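The values are calculated or read from the model by the stated rules, or taken from the named source; none is laboratory data. What you see is a predicted model, and the numbers here were worked out from it, not measured in a lab. Every residue, glycine among them, receives a Cβ derived from its backbone with ideal geometry; neighbour counts consider all protein chains shown.
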Ligand SMILES: [Fe+2]
């Protein structure tokens, strides 16, 4: 189950009032990237891709939280609404290398997330949103490399960072094959945004 486009956009707007920040524009751009790429793939629904894209980070509505916390909150909120397809994307978008993304011993929300991810079968929408999360800045679309550095400067790197980047490059190639062109060919102003100097965003100190 999915909300319609208007409901999804309204949800993001409400969430942006609850927790203002660049994440809402990042979400809109992830949705647009997903739509543009899906339009070029014969087996995908572009409206569904857009809705999943704009809601993939909806867990951030609860405030400035960690990666596992926003994943978990997005899952719980979407399930409460009956949007199981959104709930799945809230979970899967952050874990392109599945079980290898987790430490042996996990705690709190990560116990539930790890169980879910390890036993879940990814489909093309999961893969698409893992990719689009890394193509979308708040200011527009950018080359994967730029977003990887942007995220790493804010959250740091881990022992799995390079594997995660490589998995995402693999997804890029997977969709390029289906589209019969580069993914960058369908992302407006990707070159301009990639080369734009954007100050690093830090959460406000409370
Ligand atoms: Fe995101």
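Does residue 146 count as touching a helix residue (DSSP H, G or I) at 6+ places or on another chain (Cβ under 6 Å) and at pLDDT below 95?
For residue 146, the condition - touching a helix residue (DSSP H, G or I) at 6+ places or on another chain (Cβ under 6 Å) and at pLDDT below 95 - is met.
Checking residue 64 against (1) exposed (fewer than 14 other Cβ atoms within 10 Å of the Cβ); (2) at pLDDT 95 or above; (3) within 15 Å of the ligand (Cβ to nearest atom): exactly one of these is not met. Which one?
(2)
Please find, among 38, 8, the residue that is away from the ligand (no atom under 16 Å from the Cβ), buried (at least 21 other Cβ atoms within 10 Å of the Cβ) and assigned to a helix (DSSP H, G or I).
38
From 16, 59, grab the single residue that is within 13 Å of the ligand (Cβ to nearest atom), without any contact (Cβ under 8 Å) to a residue 40 or more places away in the chain and over 11 Å from the mean Cα position of the chain (by Cα).
Going through 16, 59 in turn, just one is within 13 Å of the ligand (Cβ to nearest atom), without any contact (Cβ under 8 Å) to a residue 40 or more places away in the chain and over 11 Å from the mean Cα position of the chain (by Cα): 59.
Out of region 77-94, which residues are touching a residue at least 24 places away in the same chain (Cβ under 8 Å) and within 16 Å of the ligand (Cβ to nearest atom)?
Scanning region 77-94 gives 86, 88, 89, 90, 91, 92, 93, 94.
Across region 132-146, which residue is nearest to the ligand (Cβ to nearest atom) among those that are within 12 Å of residue 190 (Cα to Cα) and surrounded by 20 or more Cβ atoms within 10 Å (Cβ to Cβ)?
136
Does residue 50 satisfy the criteria of being more than 29 Å from residue 102 (Cβ to Cβ) and within 16 Å of the ligand (Cβ to nearest atom)?
It is true that residue 50 is more than 29 Å from residue 102 (Cβ to Cβ) and within 16 Å of the ligand (Cβ to nearest atom).
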